[in-house]
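Novice: One structure, pasted below without further comment.
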Amino acid sequence: MRPVAVPKSGETERRWLALALGFGLLAAATFVGSALTGPGGIQDDARQFLSWMGRWSDPAPLRGDLVGDYWQSVTPWFYTALFRAASAVGIGPVLFAKLLSALLLPLAALFAYRFGRAMDARPPVAALAAGGFLLCLQIDGPINGGVPRSLWPVLLAALLDGLARRRTLQVALAQLCLAGSYPQLALVTATVIGLTFLDPARPGFLDLSRARLVLVASAAAATVAGILPFLLGSGAFDPVATLAEARALPSFGFAGRNRIVDADGSLNFLCGQRLGFLGNKCRGSLGIGSLLVLAAMAAGPVALFWRAARPGRTPAPLMRSTLPLFLFLASAGWFAVASFALFRLHLPSRYTTALFPFTFLTTLPILIEWGLGSGREPLRPPRRLAVATLGAALAVGIAAFGTVKGHRLFRQPAEPALVAYLRDLPREAVIAGFVSDLDFSPVLTNRSTLFSRELAIGYQLGYLRPVMARMADMRDAVLTADPAVLADRLRRNGVTVFLAEAETLGPPRVPAAFRGFFPAAELAAAETQAAGRPSALARRAPACTLRRFGTVLALDARCLAAETKTPAGQAGASGS
């Protein structure tokens, strides 16, 4: 594939680049403005990857902590390095997660514009396509999430721009950073880079030039260097669940935290949120809606490839590139492999995550190009008005969705005073309980937390099974009428503070948010058996209450376990 020439244009290049960057700055300003409102707010999924980073300022509370060790092991190294650098200059992980979008959105606009120009899009087309790309990311993209996936839109656009321009260093650096932040997508881009040996415009359809060989070899080395640390670190909690094992765990069921099945128990490889090729872009199974989405995703790449394969028959001003089709094919191929080796290569939908947003850099610009005409002459008044109207609509959409997403994406504790109280506990504290505000611990408390709904997700049984065992012990602690059983479950898990929702102190019951972690029939039978008599927890709670926060009681676990004997055969090792 020959490097795409970026032709000169009578239209002012800087003006259209400024428009693209303006979209990015607007997106950043509106999102960060809304994100910084509301103290204590944190992005939903960021609570997972930031959960262990309190170790940097005070390592003692989470030393040897199962939850902290697991999430540190699966946090990619490049993402970690960014937060480590921010922490070194006094910016804490929670704040930096909010600011990350402010850094990424303008860069996404820049490289989206550059990639459009590298595909021979005229400047207004490239600028409007960059705006559409940002709007898509604002509506339904990970870039605002403060998670490792947030980095891929910038890195993928930078990599494709480098490939189109044959810039070896840019490609290698982008691939290294992508492999160090989103290894699944790095496998896709490694395949794309390998496919660039194919050039339909060349005799023999192959590009085996020295420059191409150096580029591919450099990118291959970057891929290995980027993925290897992740592979070495994440294996500590193997084995990875098989499909049969996942089906046997309630948390993977329809009502579970790790849900992979539909209500009828089937696996949806088209529209399933975690398994589907289209992810949440469709509902149910194959239908008109999903076919339209697939057509939109494929039309642009196919058209651009067709143009690139016929250089002598395609008018020079038209967009062309083989790269979008290579991306589509590589994504589909890895999706198939990941579906066959379910969980061993993480989730199939992670390999197709880029296809829909990149529709706005492939299919959309072709439509805009068709509307504006393919010539290079300056835009005439009717078309200038159309460009201005579309640009204004994109700006309004970016601002609106940036604000809305900023409010919806962020979570705050229902009882901030409870989180503050937990943060002030002794450093050796171990907290447990079926309380939703524990989703903010340890990320906002830096105190060892036995489990939480938010962090009870993963696909490695070396983590999931101990977490499920901890939940089962705390279920027993909530339901039992025997003080000895209550004491045993608290002691063998090393719990020092037990949090109880007031509803669990009436008829013994596991709160609704946690019921999906247990077999429904088994839990219902245990609750039925416990009904009709006060639980040991309810009887001891009045004398062991440390503080009350709304409907949540903070109970002294040592008090709860006092003056009881451990039932024979029930003792176990304690730990956090």
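Novice: Taking the Cα atoms of region 416-561, what is the range of coordinates along each of the three principal axes, in descending order and whole Å?
Specialist: 40, 38, 26 Å, listed from the longest principal axis down.
Novice: Evaluate the charge dipole of region 269-428 about its Cα centre and quote only its size in Debye, nearest 20, assuming +1 on the Cβ of each Lys and Arg and -1 on the Cβ of each Asp and Glu.
Specialist: Dipole magnitude for region 269-428 comes out near 380 debye.
Novice: Farthest toward the dipole's positive end in the chain, which of I366, L291, L159, given Cβ charges of +1 (Lys, Arg) and -1 (Asp, Glu) about the Cα centre?
Specialist: I366
Novice: Looking at the chain only, what percent of DSSP beta bridges run antiparallel? Nearest 5 please.
Specialist: Expressed as a percentage, antiparallel bridges in the chain total about 75.
Novice: Could you pull out the trypsin sites (Lys or Arg not before Pro) across region 280-359 that fall in loop regions by DSSP (anything but H, G, I, E, B) with no more than 14 other Cβ atoms inside 10 Å?
Specialist: Of the trypsin sites (Lys or Arg not before Pro), the ones in loops of region 280-359 whose Cβ has at most 14 other Cβ atoms within 10 Å are R283, R313.
Novice: In the chain, what cysteines have no partner Cβ closer than 4.7 Å?
Specialist: C136, C177
Novice: Can you give the FRET efficiency to the nearest 0.05 for W56 and R384, using r as the Cβ-Cβ distance and R₀ = 56 Å?
Specialist: 0.60
Novice: Sticking with this structure for a sec: What ranking, highest mean first, results for peptides 384-390, 189-195 when packing means the other Cβ atoms within 10 Å averaged over each residue?
Specialist: 189-195, 384-390
Novice: Can you compute the charge dipole magnitude of the chain about its Cα centre, using +1 on each Lys and Arg Cβ and -1 on each Asp and Glu Cβ, nothing else charged? Give it in debye, rounded to the nearest 20.
Specialist: 1560 debye
Novice: Also: For Cα pairs less than 8 Å apart in space and 6+ apart in sequence, what is the mean separation divided by the residue count of region 416-561, i.e. the relative contact order in percent?
Specialist: Relative contact order of region 416-561: 25 percent.
Novice: Then there is this: With labels modelled as points extended 7 Å from the Cα through the Cβ direction, what inter-label distance (nm, one decimal) is found for A512 paired with L286?
Specialist: According to this spin-label approximation, the distance is 3.8 nm.
Novice: Once you list every other residue whose beta carbon is under 10 Å from the beta carbon of D482, what net charge do they have if Lys and Arg are +1 and Asp and Glu are -1?
Specialist: Local net charge: -2.
Novice: Obtain the radius of gyration and the Kirkwood radius of region 148-224 from its C-alpha atoms and give Rg over Rh.
Specialist: 0.99
Novice: Out of residues 5 or more away from T449 or on other chains, whose amide H comes under 5 Å of its own, with H placed 1.01 Å from N in the peptide plane?
Specialist: I431
Novice: Hey, another quick one. Tell me the angle of helix 355-372 to the major Cα principal axis of the chain, expressed in degrees between 0 and 90 and rounded to the nearest ten.
Specialist: For 355-372 against the chain, the angle is about 30 degrees.
Novice: Another one. What spacing in nm lies between the two simple spin-label points modelled at A81 and D140, each 7 Å away from Cα in the Cβ direction?
Specialist: Each label point is offset 7 Å from its Cα along the Cβ direction, giving 3.3 nm.
Novice: Translational D (Stokes-Einstein, µm²/s) of region 176-303 at 37 °C and 0.692 mPa s when Rh comes from the Kirkwood sum over C-alpha pairs?
Specialist: Here the translational diffusion coefficient equals 181 µm²/s.
Novice: Based on Cα coordinates alone, diagonalise the gyration tensor for region 286-346, multiply each eigenvalue by 5, take square roots, and list the semi-axes in whole Å, largest first.
Specialist: Value: 29, 16, 7 Å, ordered largest first.
Novice: For the chain, what is the convex hull (Cα atoms) projected area averaged across all directions, in square nanometres?
Specialist: 27.7 nm²
Novice: Then there's this: Under 19 Å from a label point 7 Å along Cα→Cβ of A521: give me every residue in region 237-259 with its amide N that close.
Specialist: 245-256
Novice: Skipping prolines and chain starts, which residues have an amide H placed within reach, meaning under 5 Å, of the one on R122, given they are 5 or more residues away or on another chain?
Specialist: none
Novice: Continuing with the same structure: If you roll a 1.4 angstrom probe over the protein chains with everything in place, what fraction of the accessible area of the chain belongs to carbon and sulfur, to the nearest %?
Specialist: 64 percent
Novice: Give the relative contact order (percent, whole number) for the chain; include only Cα pairs under 8 Å separated by 6+ residues.
Specialist: 18 percent
Novice: With runs of 4+ DSSP H residues as the only contributors, calculate the mean residue ellipticity of the chain at 222 nm using -39,500 (n - 2.57) per run, divided by the residue total and rounded to the nearest 500.
Specialist: Taking each H run of at least 4 residues, the total per residue is -17500 deg cm²/dmol.
Novice: Using a 1.4 angstrom probe and counting only protein chains, how large is the accessible area of S57 in Å², to 10?
Specialist: Per-residue accessible area (S57): approximately 100 Å².
Novice: Counting only DSSP beta bridges with both residues in region 416-561, what percent are antiparallel, rounded to the nearest 5?
Specialist: 70 percent
Novice: Got a sec? Which residues in region 164-187 would a label at A225 touch, if it sits 7 Å along Cα→Cβ and we count backbone N under 18 Å?
Specialist: Of the residues in region 164-187, 167-183, 186-187 have backbone N under 18 Å from the label point off A225.
Novice: Highest mean first, how do 469-480, 443-454 rank when packing is the count of other Cβ atoms within 10 Å averaged over residues?
Specialist: In descending order of packing, they fall as 443-454, 469-480.
Novice: Give, in nm to one decimal, the length gained when the segment between D556 and A392 is fully stretched (0.36 nm per residue of separation minus the Cα-Cα distance).
Specialist: 53.2 nm
The values are calculated or read from the model by the stated rules, or taken from the named source; none is laboratory data. Since the model is a prediction, treat every value here as computed from it, not as a measurement. When we count neighbours, we look across all protein chains shown, and the Cβ atoms used for this are built from the backbone with ideal geometry, even at glycine. In case anyone asks, the SASA skips ligands and DNA or RNA and just uses the protein heavy atoms, side chains included. Shrake-Rupley method; radii C 1.70, N 1.55, O 1.52, S 1.80 Å.
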